[in-house]
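K.L.:
Dumping the structure here so I can ask a few things about it.
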Amino acid sequence: MFKDITIGQYYQTESLLHSLDPRVKIVGTLAYIISLFVVDSFAGYLVCALFLIVMIRLSNVPVGYIVRGMRAILILLLITMAFNLFLTPGETLVKFGFLKITKQGLAFAVKMAIRLSLLVIGSSLMTLTTTPNQLTDAIESLLNPLKRLRVPVHEIAMMMSIALRFIPILMEETDKIMKAQIARGADFESKNLIKKIQSLVPLLVPLFISAFRRANDLAMAMEARCYRGGAGRTKMKPLVYQGRDQGAYFILLAYFCICVALRLLPLPFLV
Amino acid sequence: MIKISKLIHDYIQRDEEGNPAGTVRAIDDVSLNVEPGQFIAILGHNGSGKSTLAKHINALLFPTEGTVWVNGMDTKDQSLLWDIRQTAGMVFQNPDNQIIGQVVEEDVGFGPENMGVPTEKIWERVEESLKAVGMLEYRKKSPNRLSGGQKQRVSIAGVIAMHPKCIVMDEPTAMLDPSGRADVISAARSLNIEENITIILITHFMEEAIQADHVFVMDNGKIAMQGSPREVFSRVEEMQALNLDVPQVTLLGHILRKEGLDIPEGILTKEELAEALAGNKESLL
Ligand SMILES: Nc1ncnc2c1ncn2[C@@H]1O[C@H](COP(=O)(O)OP(=O)(O)OP(=O)(O)O)[C@@H](O)[C@H]1O
Ligand SMILES: [Mg+2]
């Protein structure tokens, strides 16, 4: 049931984007998301879209693969559009009974749709080109300054990476338990909501018990291998910025300046 | 290497409110001695206290009474805790619950990372450890894609990378198929012979204990029998009284002997049995 969600999954290939430092990609994605809210003209969105297209090219991830991932958010996209289309006050264009589409509503809905699509594609591009491990390492390194405020940065990153490691294992286990319960006559296909929720109990209880047992075992295994938190720990794969990462930061900065300029300069030809 | 003297371990049982409600004596006055470089097997039926004993050697549990020394270090000394855990590594039963990394090589690097080994040295250790268990070609793979035996060998590599003097394996083969089992045992064997690492193997499979230098049999928290595999397995009735099997060849030899054939006790291999039978040719004809 989770098979067709490609958002958030790593796509293994070689590319410039894959080889960038994960910190650059996180900062870049954040900057890109902010830039989508900075610009608010169609010319601005064109710049954002072009930037994204270049990035997709540089990532070597097939466009079809990315588009397929978009299907998961299609419904969300349509609902948002509908809300904006019908509920924005302003000059009426068309009217069906009590529903009316306004000029402002139309513009707003289209902009929102573009913004949302770019946002989703942009952030999934990050996860498509960065392994979960690199991501947690990068988050740990980026949040490092927060350690002074006693935020347990290392622990958070360790929790994330362990969670990522166990997701496939627990998923497989869910599948096994489900089959075992079906063999005992459990009904997971029922359309009746109450029955559906009831059928989850014999699934979730064993799953939780097993998850706790695993957590216990894992904690012991980590202790046996001398794990004692982040202090005094070295890294097998430390993050080190290369020349290309600096170049990437520079390009990001330039892109961001253009977006801000598009917003601030009152160019008459921009809608 | 490991010296245990009059060890007692009580687990405290708690009632629903979390108040102590009683104790379970899991280890009851155990003393034993393991020399460096030995291959030890520990046998015993479920609940006889094998895992509890293993956890004492790795300082994951501490004595209620008595003392455990690992390479001369008393496990009760908190300041030596990390040295002890590094000296005596531990491999657990379920491979899925002890692999931390999402890539094989990263998991093997986990121990050295915790010990603060410099980055280049970690890479060297990871490479040599994976080579030692024959898993080097899988270094970039995700552990989820490996078979049980391969996962367990990765776990062993993860322990070797910490350069231990001793490895305690708590039923490392219990969840594996026969070929995975053979791979894991032969990896343990070669570490013992080539790297001179002391191995303490806890197992339910008698065939795995045949190769040991010394066997301890536990029952009810005590050491019920000990000796060389041949000595221990010659005592078939005693083993059966402890709810344990002996290897099938040994059992066959024992039954034939009771039927009146001239076969010594403690046959361990098919070849020995065949030879002993050959000596009985006349009486058989
Ligand atoms: N965490 C615990 N709390 C309370 N009692 C425990 C705990 N762990 C083990 N015991 C008890 O201690 C005794 C010895 O357990 P132990 O796990 O050492 O046996 P074992 O020989 O390893 O068994 P197995 O072959 O099943 O692994 C058992 O009676 C068990 O019920
Ligand atoms: Mg056990």
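K.L.:
Considering every residue within the range B:45-64, establish whether at least one is farther than 24 Å from residue B:149 by Cα, open to solvent by less than 10 Å² (accessible area, probe 1.4 Å), away from every other protein chain (no Cβ under 13 Å) and in contact with an Asp or Glu (Cβ under 6 Å, 6 or more places away or on another chain).
P.N.:
Yes - at least one qualifying residue is present in the range B:45-64.
K.L.:
May I pose another question? With (1) exposed (fewer than 15 other Cβ atoms within 10 Å of the Cβ); (2) free of Cβ contacts under 8 Å to residues at least 12 places away in the same chain as the list, and residue A:165 as the residue in question, which single condition is left unmet?
P.N.:
Every condition holds for residue A:165 apart from (1).
K.L.:
Looking at the range B:132-151, is at least one residue on the phi > 0 side of the Ramachandran plot and either in contact with a Phe, Trp or Tyr (Cβ under 6 Å, 6 or more places away or on another chain) or free of Cβ contacts under 8 Å to residues at least 60 places away in the same chain (or both)?
P.N.:
yes
K.L.:
May I ask you to verify whether residue A:27 is more than 27 Å from residue B:102 (Cα to Cα) and open to solvent by 30 Å² or more (accessible area, probe 1.4 Å)?
P.N.:
no
K.L.:
State the number of residues belonging to the range B:1-11 that are within 16 Å of ligand 2 (Cβ to nearest atom) and either in a loop (DSSP other than H, G, I, E, B) or open to solvent by 60 Å² or more (accessible area, probe 1.4 Å) (or both).
P.N.:
Here the count works out to 1.
K.L.:
When the residues of the range B:176-202 are narrowed to those that are within 16 Å of ligand 1 (Cβ to nearest atom) and in contact with a helix residue (DSSP H, G or I) (Cβ under 6 Å, 6 or more places away or on another chain), which ends up farthest from residue B:216 (Cα to Cα)?
P.N.:
B:176
K.L.:
I want to confirm something. Restricting to the range A:61-87 and keeping residues that are loosely packed, with under 15 Cβ neighbours inside 10 Å and of a type outside the set (A, V, I, L, M, F, W, C), which single residue is modelled with the highest pLDDT?
P.N.:
A:62
K.L.:
I'm told residue B:39 meets every condition in (1) more than 15 Å from ligand 1 (Cβ to nearest atom); (2) touching a His at 6+ places or on another chain (Cβ under 9 Å); (3) over 25 Å from residue A:155 (Cβ atoms); (4) within 14 Å of another protein chain (Cβ to nearest Cβ) except one. Can you identify the failing condition by its number?
P.N.:
Result: residue B:39 passes all but (4).
K.L.:
Follow-up question, since we're still on this one. Would you mind telling me which numbered condition in (1) touching a helix residue (DSSP H, G or I) at 6+ places or on another chain (Cβ under 7 Å); (2) within 14 Å of another protein chain (Cβ to nearest Cβ) residue B:80 fails?
P.N.:
(1)
K.L.:
Could you tell me whether residue A:122 is small (Gly, Ala, Ser) and open to solvent by 30 Å² or more (accessible area, probe 1.4 Å)?
P.N.:
Here the answer is no, as residue A:122 does not meet what is asked.
K.L.:
Any chance you could count how many residues in the range B:12-55 are within 13 Å of ligand 2 (Cβ to nearest atom) and not charged (D, E, K, R)?
P.N.:
Adding up the residues that qualify gives 14.
K.L.:
Using the structure shown, decide if residue A:190 is modelled with pLDDT of 90 or more and open to solvent by less than 90 Å² (accessible area, probe 1.4 Å).
P.N.:
The answer is no for residue A:190.
K.L.:
When both residues are 6+ apart or on different chains and their Cβ atoms are under 6 Å apart, which pairs have a first residue that lies in the range B:112-131 and is facing chain A (nearest Cβ under 10 Å), and a second that is assigned to a helix (DSSP H, G or I) and open to solvent by 10 Å² or more (accessible area, probe 1.4 Å)?
P.N.:
Qualifying pairs under 6 Å: B:112/B:125.
K.L.:
To continue, here is another question. Scan the range B:191-213 for residues that are over 30 Å from residue B:10 (Cα atoms) and open to solvent by 30 Å² or more (accessible area, probe 1.4 Å) and report the count.
P.N.:
Adding up the residues that qualify gives 7.
K.L.:
Residues that are within 14 Å of chain B (Cβ to nearest Cβ), open to solvent by less than 70 Å² (accessible area, probe 1.4 Å) and over 30 Å from residue A:47 (Cα atoms): does the range A:197-210 have at least one?
P.N.:
yes
K.L.:
Is it the case that the range B:152-166 has a residue that's more than 10 Å from chain A (Cβ to nearest Cβ), assigned to a helix (DSSP H, G or I) and surrounded by fewer than 20 Cβ atoms within 10 Å (Cβ to Cβ)?
P.N.:
Within the range B:152-166, none of the residues are more than 10 Å from chain A (Cβ to nearest Cβ), assigned to a helix (DSSP H, G or I) and surrounded by fewer than 20 Cβ atoms within 10 Å (Cβ to Cβ).
The values are calculated or read from the model by the stated rules, or taken from the named source; none is laboratory data. Remember, predicted model here, so these are calculated numbers, not experimental data. Note that we place each Cβ from the backbone using ideal geometry, even for glycine, and neighbour counts take in every protein chain shown. Please note that ligands, DNA and RNA were not included when accessible areas were found on the heavy atoms of the full protein model with its side chains. Shrake-Rupley method; radii C 1.70, N 1.55, O 1.52, S 1.80 Å.
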